[in-house]
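Enquirer: One structure coming up, written as structure tokens, with questions to follow.
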Amino acid sequence: MASKGISILLWVFFVHLAGIYLYTRGFLLTRLSLSDTTTCPDGSCTITPFHKRAVVLVIDALRFDFLSPHPPEPASPYHHNVLVLPQELTATQPTRSLLFEMFSDPPTTTLQRLKGITTGSLPTFIDMGSNFGGSSITEDSFIGQLRLAGKKIAFMGDDTWTTVFPDSFEPNMTSPYDSFNVEDLHTVDEGVIDHLFPLLQDKSAPWDVIIGHFLGVDHVGHRVGPDHSTMKAKLTQMDAVVRRVIDLLDDETLLILMGDHGMDRKGDHGGDGDHETSAALWVYSKGPQLVHPKASIPEFLLTSRLFPGATIKHRHIQQIDLAPTLSLALGLPIPFNNLGTVIPELFWHDKSGKDYSRALTLNAKQVNRYLETYRASPSGGELDNAWGELETVWRTVDFEAHTTDSEAQWLAMTMYTRFALAACRQLWAQFNVSLIVLGLVVLVTSTVAATFIYFRVGALKDEWESWASEVTRSYVSGAAGGALLGFVGYMTVSRYVKGVGLSESLLFGASFVSSLVVIFSALPSFSIPSVRSLTSIPLPLILHAAAFASNSFTVWEDRVVNYLLISSVIPSVLVGFSAPTARLRYRILGFSALFAVCVRLMAVSTVCREEQQPFCHVTFFASSSLPSPPLPVLLLSVPVALALPYTMRRFLRISKSDRGTAALVFPFILPTVLLLGSAFWILEHFDSSEVFGPDWAGTLRLARTWCARLAMASAVFLGYALWYLVPLCLEISSETKAQTNSTAQGRGTREVTVLGFANAYGAPYLVFWCLFLGLLYPATQLSGQAVLSLAAIAVLAHLEVIDTIRDVRGLEAVFASNNPSALLQTENMALRAPSVPLRFAEIAPLAILAVHTFFATGHQAAIPSIQWKTAFVLTPTLTYPLSPLLVILNTFGPTFLIALASPLLALWNVAPLPQPEADVKVRGDAVRASLGIMLYHATLLLSSATCAAWLRRHLMVWKIFAPRFMLAAITMLVVDLAVLFGVAVGVARVSDRVSRLFAAMTSRAK
């Protein structure tokens, strides 16, 4: 019978998935990549090169201030003025050495930045997802132009290059290395060094371009942050490498040293923060001068910027400017899809700038040709809003090209290329409003339908399963009919509505019509609301959902949920003060206080997003620039791992349900799992900090890998196997007592004692829940482990508060009845919690706690908060699919964990008799509790989606509103999966074993 509730939850999951898919298809569009290639056999689309060969060195995550002669103040001794050769040569040879800060378009991940550098094109918001599995670049690129020209390219370093350009490098001069093993700081760099210098030393080596991609700086940033002695050692090594390269360069070779992106204060990247988008570029020519000594370059061509914290401005360019610049500098055509603008200094070889005029003219014509081709493509309508102004500016360029005023010509062409760039940046933030509306309609109708199901299941009580069977048949028929209507609608209106395909039409029809069918099947009876009913309004949910309409509240959501969670205790406290007995008052007030204390302590753990500065201070790590655990957390990690299982067992001891499986899991299995999980991160800290020196790195890596493996294996293969075989936490004993009356003399009465009876459902499910906590623990850093422990205690405290409040309501109901003497009837077992309905206000704190735990475990609605190092918990190298799954577990596991606890609201301290009534009621309440937490997050999803769509022209849409919608969408799916797992596996197994046991005992007693 448990399948009835599962079928309802599966349908809710389906309509959520449909709404999210339709909305994201309209909101997050991908860019049309044109396959055209720039060609000109006569050389009319390029210029004569001043260098025959080039060495391109990429130092991954080389932020501009790492090279800057004027770094932010106060300067860091670890990464400022360490790699000093570029600033030294720029100071002594200003015509041969040029230093720039580059803006790297977000997302600041290596794959996307390599696409930008080589093609000159822009990424879209969702391009970052391909960083773990990038496909080859098919559009025109600098690398492709080299191959078309018959040039030979040597490569060594980050294997992302060989992924996106699989057939472009000379096989005998190619040495790729794994790019995602962030714990390996030296192998890739040493491999690049071993293959780079022999090629430079061999004057007869047949290469035209060498590309070397170093990863050490990036890996140090991810591992220990930029403010660490390891970073200084790595930058010192890079300085020595560059000096040696300069010594080996000949006069005809151009040197380009650059970063693909920057890094934030703690060493991560991926987002659009100032530190992440800032990359360094240094260009050096040992032979011909790059800039004429008497060149007078107009100021309007030389944009500059003040790096955050610095006092002197520096030359600033767009990173995509490298594509046209390097192509023309080596005598190649500009890639067809390029939107960058040539860098003036690299073409100002004479006093008047004739070469620059030629380069800029080719650049402007190439951009114009690209835009006209795009305009003629199927996606060309996207340019409609900007096309008139683009044509106006281009006519100015065409006119000025016939004048002798060079500066006017340069200004017009530069304005055109920069305006085209700005227009296309907006273009690829365009939206398919039709799909957005369809997605919102599905989200609205599904939320209404789930709300009606929630109330209907509660109203039907013991009859809910028969209704569930009927509504299942209804929504299946509705989905089939809706898909048919969607097909008819597509065939009818597809020619008039752009951007809605057949699959979207079928999905919308199926989900929308099935939602309508459920709404009419579960339509509740409406009545005029009373003053008392106003107290059931979910005020925390309303405030939480409304917060997404403000960018400030969205940015500070981690503080908002803390306030909402503490405020949710107030109704319980008010009930506690009016409870009829002292014991009930003390329990409600005491456990409410414990819940509030745990929530407040969780809020101490913070990571800061860029928009929160300077009013936020990082406490999850040792500092904002040192991603290691704070010392107090390090010292408390082992005591916490031991104290948590003990505390949980103390909670179970209240109902004497610490028997059976609980007697094995809490004293033995769970402490072992948690200790091994803590040991992994303690050893990781010792390893990354080199506490025992570098010689111990291999030993520590092996030891911590096996700690994590043993922890997760114990949770799954020992804990869950034991739970599935013997889930109950009961101790059953019996004895035969002799009869004292004369009629029954010689016969005995058998008396059965069941310890744990009062919590027969809740205790086994708690064991099931704790085992997932054990699985999550090793994938969570030490500060996060402390937060998870506090969250677990908060969940138990909330359960005890709710259980006691139900006792109070049960007593009040009996006192208000016509038979208050029923309290004295000890056999009246239906008086306990099953007779008191589950309320949404009891579910909301768990839903908010899930969001609070997400933030407190070191996450934010921002890409840089992803804790990439968790990918290497079980393996020392990147392993598919294990590594991505571990990152997902670390990021969304806390949300999954708290959502998985929602059925406990229906199971906790519920007596298992009478059967089967108690079992039917428990399963119905478990479905309602699951629906309740799904409803809370569905409302957040609907609010964030609506606000993101309404504010899609807001300046901060891609920085704040779109990421928060993506988080809400993923969180919704995580919550759905959690409750499905909990009801389908946890509740179903516990319900089956409890009902069988007590049904058999009841039948024997009869």
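The values are calculated or read from the model by the stated rules, or taken from the named source; none is laboratory data. Just so it is clear, the model here is predicted, and its values are computed rather than measured. Here the Cβ positions follow ideal geometry from the backbone for every residue, glycine too, while neighbour counts run over all protein chains shown. Side chains are part of the model used for accessible areas, which takes the heavy atoms of the whole protein and leaves out ligands, DNA and RNA. Shrake-Rupley method; radii C 1.70, N 1.55, O 1.52, S 1.80 Å.
Enquirer: Rank these residues by their accessible area, most exposed first, probe 1.4 Å: 950, 706, 387.
Expert: 950, 706, 387
Enquirer: A further question follows. Report, to the nearest 10°, how far helix 988-1005 tilts away from the longest principal axis of the Cα atoms in the chain, using its own Cα long axis and a range of 0 to 90°.
Expert: 10
Enquirer: Based on the Cβ-Cβ distance from residue 716 to residue 313, what FRET efficiency comes out when R0 is 56 Å, to the nearest 0.05? Write out the running numbers ahead of the final one.
Expert: Working: r = 56 Å, r/R0 = 1.01.
Efficiency computed from Cβ-Cβ geometry: 0.50.
Enquirer: Please report the accessible area of residue 70 (heavy atoms, 1.4 Å probe, ligands and nucleic acids excluded) in Å², nearest 10.
Expert: About 80 Å², ignoring ligands and nucleic acids.
Enquirer: For segment 889-968, compute Rh as the Kirkwood radius over C-alpha pairs and then the Stokes-Einstein diffusion coefficient at 10 °C and 1.306 mPa s; write the answer in µm²/s, rounded to an integer.
Expert: 105
Enquirer: Ignoring ligands, DNA and RNA, how do 394, 696, 282 rank by accessible area with a 1.4 Å probe, largest first?
Expert: 696, 394, 282
Enquirer: Using 1/(1 + (r/R0)^6) with R0 = 30 angstrom and r between the beta carbons of residue 455 and residue 574, what's the FRET efficiency to the nearest 0.05?
Expert: 0.75
Enquirer: How much of residue 508 can a 1.4 Å solvent probe reach, expressed as accessible area in Å² and rounded to 10?
Expert: 40
Enquirer: Tell me, what ³J(HN,Hα) does each residue in segment 974-987 have, in order and in whole Hz, if you take phi through Karplus 6.51 cos²θ - 1.76 cosθ + 1.60 with θ = phi - 60° and put x for Gly and Pro?
Expert: Per-residue couplings from phi come out as 5, 4, 4, 5, 5, 6, 5, 4, x, 6, 6, 10, x, 5 Hz.
Enquirer: Roughly speaking, what is the stretch gain from residue 292 to residue 502, that is 0.36 nm per residue apart minus the C-alpha to C-alpha distance, in nm to one decimal? Show your work: numbers first, answer last.
Expert: Details: separation 210, 0.36 × 210 = 75.60 nm, distance 6.04 nm.
This chain segment gains 69.6 nm when fully extended.
Enquirer: Find the centroid of the Cα atoms in segment 445-479 and in segment 315-350, then give the distance between the two in whole Å.
Expert: 63
Enquirer: Ok, one more. In segment 50-353, what percent of the accessible surface is made up of carbon and sulfur (1.4 Å probe, ligands and nucleic acids excluded)?
Expert: Working: 4940 of 9440 Å².
The value for segment 50-353 is 52 percent carbon and sulfur by accessible area.
Enquirer: Given a cut-off of under 8 Å on Cα pairs at least six residues apart, what relative contact order in percent is computed for the chain?
Expert: Normalised by residue count, the contact order of the chain is 14 percent.
Enquirer: Right, here's the next one. Relative to the first principal axis of the alpha-carbon coordinates of the chain, what is the inclination of helix 762-776, with its axis defined by its Cα atoms, in degrees from 0 to 90 and to the nearest 10?
Expert: With rounding to tens, the tilt is 20 degrees.
Enquirer: Which pairs break 25 Å Cα to Cα here: 152/232; 203/286; 152/354?
Expert: Pairs exceeding 25 Å: 152/232; 152/354.
Enquirer: Quick one: divide the alpha-carbon radius of gyration of segment 50-353 by 2.2 N^0.38 Å and tell me what you get.
Expert: 0.92
Enquirer: Keeping every protein chain in place, order 252, 170, 101 by accessible area at 1.4 Å, biggest value first, i.e. largest first.
Expert: Largest accessible area first, the list is 252, 170, 101.
Enquirer: Also, quick follow-up: State the antiparallel share, in %, of DSSP beta bridges confined to the chain, rounding to the nearest 5.
Expert: Among the beta bridges of the chain, antiparallel pairing accounts for roughly 50 percent.
Enquirer: How much accessible surface area, in Å² rounded to 10, belongs to the heavy atoms of residue 227 with a 1.4 Å probe?
Expert: Per-residue accessible area (residue 227): approximately 50 Å².
Enquirer: Moving to a separate point now. Residues in segment 323-343 near a label at residue 352, defined as backbone nitrogen under 18 Å from the 7 Å Cα→Cβ point?
Expert: From segment 323-343, the list is empty.
Enquirer: Accessible area per residue for segment 852-1006 in Å², computed with a 1.4 Å probe and the full protein assembly in place, what is it?
Expert: Ligands and nucleic acids excluded, the result is 29 Å² per residue.
Enquirer: Whole-Hz ³J(HN,Hα) for each residue in segment 264-269, computed from phi via Karplus 6.51 cos²θ - 1.76 cosθ + 1.60 with θ = phi - 60°, x for glycine and proline: what do you get?
Expert: 7, 5, 9, x, 9, 7
Enquirer: For residue 140, list long-range residues whose amide hydrogen, built 1.01 Å from N in the peptide plane, is under 5 Å from its own amide hydrogen.
Expert: Under 5 Å from the amide H of residue 140 lie the amide H atoms of 336, 337, each far enough along the sequence or on another chain.
Enquirer: Quote the relative contact order of segment 142-272 in percent (integer), defining contacts as alpha-carbon pairs under 8 Å separated by 6+ residues.
Expert: So the answer I get is 24 percent.
Enquirer: In Å², what does the accessible area per residue of segment 50-353 work out to with a 1.4 Å probe?
Expert: Values: 9440 Å² over 304 residues.
Computed with neighbouring chains in place, this is 31 Å² per residue.
Enquirer: Amide H of residue 57: which non-local residues (sequence gap of 5 or more, or other chain) have their own amide H closer than 5 Å, using H built in the peptide plane?
Expert: It is 212, 256, 257, 258, by chain and number.
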